[in-house]
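Trainee: Let me begin by handing over the structure; questions about it come next.
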Amino acid sequence: MRSRSQRAGAATVDMSVQIGSVSLPAPLMTAAGTAGYGSELSAFMDLSALGAVVVKSLSADEWAGNPAPRVHETPAGMLNSVGLQGPGVAAWREHELPELIEAGARVVVSIWGRSVQDYARAAEALQDCPKQVVAVEVNLSCPNLDGGTHLFAHDPVATAQVLQATSQIGLPLWAKLSPNTDQLVEVAAAAQEAGAEAVTLINTVLGMIIDTESRRPLLGGGGGGLSGPAIRPVAVRAIHDVHMALPDLPIVGVGGCATAVDAVELMLAGASAVQIGTANFVQPSSVEQVQDDLRHWCFSHGVPRVSELTGGVKH
């Protein structure tokens, strides 16, 4: 237990962060796909205390996702092949967004598509959202039906096309990028040039598990995306490299973060804010706990403003 003086001292730490034009009172958020579409986690923590709630990725239309099984535990995380199942933007706005607003959450909407037009339609469906929707995270880790089976986030040109097509909504855009490319810096630069106020780094790492008895993949979709502690060093490297190359581009760090020290590491690499993902499945109150622990870490290490950590790695 922390003493009263420790709690009072930690309360003096300024936890506010700036991500492009978006001001948040705290740097911790949920990661898309790990906290549902609405206020599910409000039973475990105060959503208004978080920087923001990032909802599961939504397309313009309802989408069934991949066949089961969809999730499998790994020694240091999990592999998922959910396939972006969702109700569509309109249904989400009608049924889920009001509960998030009632809970006092600041909301970041994640959208996806399989063509540039798909993204444009999803963005169009978000026009005139309530002020509690503070940004749109454009999930670019989807197969590009306009240009082959490669992911949008593996191609600077395709990334720019999507961001230009979604810019009509008048909300800040964050481009969520994939680590599964050797062009990450180029893609991030293209996203910034096309209007992204920030990039979210990283999405899952490609992986696969095979059942050695049946000799078949254990996930219904075949391969999947690896998340959890195993990918944190990948996230740290990606954030560091992009921040070094593009120091004026805000970064939202995500990937294997489960503790305050993990969050500090991502911020030192260059992140302005941090999302918690897989840890939510282990402990639904993880985001709030990490945020509280981060405040105390800053106090105990003489850091008066959490934003001072960003890019603070020494070379």
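Trainee: Working only with C-alpha atoms, what are the Rg and Dmax values of the chain, expressed in angstrom?
Mentor: My reading of the Cα-based Rg and Dmax gives 18.6, 59 Å.
Trainee: Between region 184-260 and region 12-67, how many Å separate their Cα centres?
Mentor: The distance from the Cα centre of region 184-260 to that of region 12-67 comes to 17 Å.
Trainee: Helix 286-300: angle to the longest alpha-carbon principal axis of the chain, degrees 0 to 90, nearest 10?
Mentor: It is inclined by approximately 40 degrees.
Trainee: Where in region 246-271 does the amide nitrogen come within less than 19 Å of the point 7 Å from the Cα of GLN18, taken along Cα to Cβ?
Mentor: Only 246-253, 267-268, 270-271 pass the distance filter.
Trainee: Also, quick follow-up: Give the long-range amide H neighbours of LEU249: residues separated by 5 or more places, or on another chain, with amide H under 5 Å away, using H modelled in the peptide plane at 1.01 Å from N.
Mentor: HN-HN under 5 Å from LEU249: empty list.
Trainee: Dividing the alpha-carbon radius of gyration of region 234-315 by 2.2 N^0.38 Å (N being the number of residues), what value is obtained?
Mentor: Normalised Rg, Cα atoms only: 1.05.
Trainee: Mind grabbing the base-10 log of I(q)/I(0) for region 100-185 at q = 0.21 Å⁻¹? Debye formula, identical points on the C-alpha positions, no solvent, two decimal places.
Mentor: Log-scaled intensity ratios, in q order: -0.91.
Trainee: For the chain, modelled as a Gaussian network with Cα springs under 10 Å, which listed residue fluctuates most, GLU197, GLU99, GLU213?
Mentor: Among GLU197, GLU99, GLU213, the largest mean-square fluctuation in the Gaussian network model of the chain belongs to GLU213.
Trainee: Shifting gears a bit: Please build a GNM for the chain, connecting alpha carbons under 10 Å apart, and tell me which residue among LEU145, LEU163, LEU100 fluctuates the most.
Mentor: LEU145
Trainee: If region 1-60 were replaced by its equivalent ellipsoid, with semi-axes equal to the square roots of 5 times the Cα gyration tensor eigenvalues, what would those be, largest first, whole Å?
Mentor: Semi-axis lengths for region 1-60 are 27, 16, 7 Å.
Trainee: I've got another one for you. Mind giving me the FRET efficiency for THR74 and SER3? R0 is 41 Å, r the Cβ-Cβ distance, nearest 0.05 is fine.
Mentor: 0.55
Trainee: Can you pull the one-decimal nm distance between simple spin-label points at ASP61 and ILE101, each 7 Å off the Cα toward Cβ?
Mentor: Result: 2.8 nm between the two label points.
Trainee: Rounded to the nearest 500, what is the chain's calculated 222 nm mean residue ellipticity when only DSSP H runs of at least 4 contribute -39500 (n - 2.57) each, over all residues?
Mentor: -8500 deg cm²/dmol
Trainee: May I ask for the net charge around ASN80, where only other residues with Cβ less than 15 Å from the Cβ of ASN80 are counted and Lys, Arg are +1 while Asp, Glu are -1?
Mentor: +1
Trainee: Next up: In region 4-309, if the dipole is taken from +1 on Lys/Arg beta carbons and -1 on Asp/Glu beta carbons about the Cα centre, which of LEU163, CYS257, GLN127 is farthest to the positive end?
Mentor: Positive-end residue among those listed: CYS257.
Trainee: Then there is this: Bins of 10 Å, beginning at zero and ending with the bin holding the largest distance: percent of Cα pairs per bin for region 145-239, please.
Mentor: All Cα pairs, binned at 10 Å, distribute as 15, 38, 30, 13, 3, 0 percent.
Trainee: Suppose we keep just the DSSP beta bridges with both residues in the chain; what percent of those would be antiparallel, to 5?
Mentor: Beta bridges within the chain, antiparallel portion: roughly 40 percent.
Trainee: Find the relative contact order for the chain and round it to a whole percent, using C-alpha pairs within less than 8 Å whose residues are 6+ positions apart.
Mentor: 21 percent
Trainee: Further question: Note down the nm distance, to one decimal, between modelled labels 7 Å out along Cα→Cβ at ASP46 and at ALA91.
Mentor: With each label point 7 Å from Cα toward Cβ, the separation is 3.4 nm.
Trainee: Cross-link candidates for LYS56: which lysines have Cα within less than 20 Å, leaving aside residues fewer than 8 places away along the same chain?
Mentor: Answer for LYS56, where 20 Å is the Cα cut-off: LYS131, LYS176, listed by chain and number.
Trainee: For a Förster distance of 41 Å, can you work out the FRET efficiency between the beta-carbons of ALA245 and LYS131, rounded to the nearest 0.05?
Mentor: 0.75
Trainee: Just subtract the alpha-carbon distance of GLN283 and GLN164 from 0.36 nm times their residue separation and send over the number in nm, one decimal.
Mentor: Between GLN283 and GLN164, full extension yields 39.1 nm more.
FYI, it's all coordinate maths here, none of it is from the lab. No experiment lies behind these values; they were computed from the predicted model shown. So basically every Cβ, Gly included, is an ideal-geometry build from the backbone, and we count neighbours across all protein chains shown.
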